Amino acid sequence: MKAELNYHNGSIARINLINSLVGVIVGICICAVQSASSNRFMPIKNLLLNIMFSIIITLSITNSVILYQRYLKPRKVNLWHFVIVYYACNLLGMLIGIELSYLIVSLLFKTSYTPLKHFSDYKFSFVIVLIVSTIIYFYMAQKANMRARLKEKELDVAKLKQLKTQAELQTLQSKINPHFLYNSLNSIASLIHDDADKAEEMTLKLSKLFRYSINSQQQNMARICDEMEIVNTYLDIEKVRFGDRINFSTTVNDDLSHHLVPRFLIQPLVENALKHGLNNVPQNGILNVTLRQQQQRLIIEVTDNGRPFPQELELGYGLQSTYDKLALIYGDNYEIQLINAPQKHLLISLPLTAASNPTKKFELH
């Protein structure tokens with residue numbers, strides 16, 4: 001059980017309003033018990049005075065506890081220390097409340113007031129305060145425990161969501177690598193007997209890509225300069241396969257080099273353009289990748305002169321993985337456009353994110 005109540009949170013006015021209602025309820029209950037024991041209804045005047053006494057005593061106790069918790073409580077308090085101080089505040093508040101009530105009665109009805117002489121009220125109120133304060137303490141402590149457990153559950157759910165997102169992103173990445181590996185190995189196999197030097201060159205470039213993948217396995221974001229190095233390495237491999245049929249180019253503003261982009265976001269888009277747009281182009285194919293800044297957004301543009309996007313677009317794995325990855329990382333804060341006219345291009349808009357360590361660079365050897 002926590003050694004505290006939640007009086008130190010929330011506004012004093014709200015706390016006093018709630019405890020005023022508690023005072024009214026306690027006063028009515030006391031009057032009901034007294035009426036039942038005497039077998040006659042209590043006069044209205046006495047009923048109102050009892051309720052007034054109950055409210056004033058309750059508010060005195062409440063504000064004694066608030067004063068302690070907000071201004072006098074030390075940083076570290078054990079359970080027994082708090083319990084002793086809590087009941088001391090209740091008794092002190094009871095005493096102040098009784099004296100203040102009699103003072104108000106003396107002012108209202110112009111009677112004499114003698115402080116600290118109301119022993120019968122002290123004894124009776126002591127029992128009531130002891131019972132009510134104990135009930136309130138256990139209720140508030142249980143409520144605080146339930147709130148702490150709820151926060152722990154919320155934290156566990158947040159951690160599970162984070163782990164789920166991380167697992168989903170890694171799953172997307174694990175799918176990209178074998179897909180690309182399959183295409184690249186086919187290209188290398190076709191060159192082994194015809195051009196061993198080109199086959200060796202493609203194999204070395206392929207090893208660069210996978211060294212980058214393995215060494216960055218736990219990272220969801222990469223610097224743009226590193227990501228574009230991977231894209232250029234991929235395009236070098238594809239140049240061997242396509243020869244002069246396609247003209248590849250990449251353009252990146254130097255100011256963007258050390259900003260972040262989702263890892264392996266661009267390479268599948270380039271691969272998708274080659275596979276679905278330019279694969280059957282006999283010559284003069286064009287594939288351009290451009291990264292630029294527009295206000296506080298990163299604009300990624302993949303342009304080609306191959307087959308246009310169909311009207312009824314069925315998302316292949318390349319585009320589907322892009323949508324999934326961006327949704328996991330950015331939520332709704334991204335945009336993808338597939339445009340056919342006046343020039344076919346895919347455009348992605350993302351928040352511009354600066355790298356926390358712009359000097360750190362992943363080296364491909």
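The values are calculated or read from the model by the stated rules, or taken from the named source; none is laboratory data. As the structure is a computational prediction, the values presented were derived from the model and not from experiment. For neighbour counting, all protein chains shown are included, and Cβ atoms are generated from backbone atoms with ideal geometry for every residue, glycine included.
Listing for the model above:
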read-out	value
Single residue of region 83-140 satisfying the filter (among the polar types (S, T, N, Q) and more than 52 Å from the chain's Cα centre (by Cα)) that is surrounded by the fewest Cβ atoms within 10 Å (Cβ to Cβ)	S112
Residues located in region 304-324, provided they are modelled with pLDDT under 80 and in a helix (DSSP H, G or I)	Y317, G318, L319, Q320, S321
Test: residue in region 273-282 that is under 39 Å from the mean Cα position of the chain (by Cα) and surrounded by fewer than 18 Cβ atoms within 10 Å (Cβ to Cβ)	yes
Members of region 231-253 that are closer than 20 Å to L352 by Cβ and in a helix (DSSP H, G or I)	V231
Residues satisfying the stated conditions in region 342-362, i.e. modelled with pLDDT of 85 or more and among the hydrophobic types (A, V, I, L, M, F, W, C)	L346, L347, I348, L350, L352
Qualifying residues in region 249-268 (those that are surrounded by 21 or more Cβ atoms within 10 Å (Cβ to Cβ) and of a type in the set (A, V, I, L, M, F, W, C)) - the one modelled with the lowest pLDDT	F264
Residue pairs meeting the criteria (Cβ under 6 Å; at least 6 apart or on separate chains; first at pLDDT below 85, in region 232-245; second part of a helix (DSSP H, G or I) and of a type in the set (A, V, I, L, M))	I237/M202; V240/M202
Matching residues, region 19-73, being part of a helix (DSSP H, G or I) and among the aromatic types (F, W, Y)	F53, Y68, Y71
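For (1) surrounded by fewer than 20 Cβ atoms within 10 Å (Cβ to Cβ); (2) in contact with a strand residue (DSSP E or B) (Cβ under 6 Å, 6 or more places away or on another chain), each residue gets a yes or a no:
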site	(1), (2)
D197	yes, no
E200	yes, no
L204	yes, no
I230	no, no
V240	yes, no
G243	yes, no
N247	yes, yes
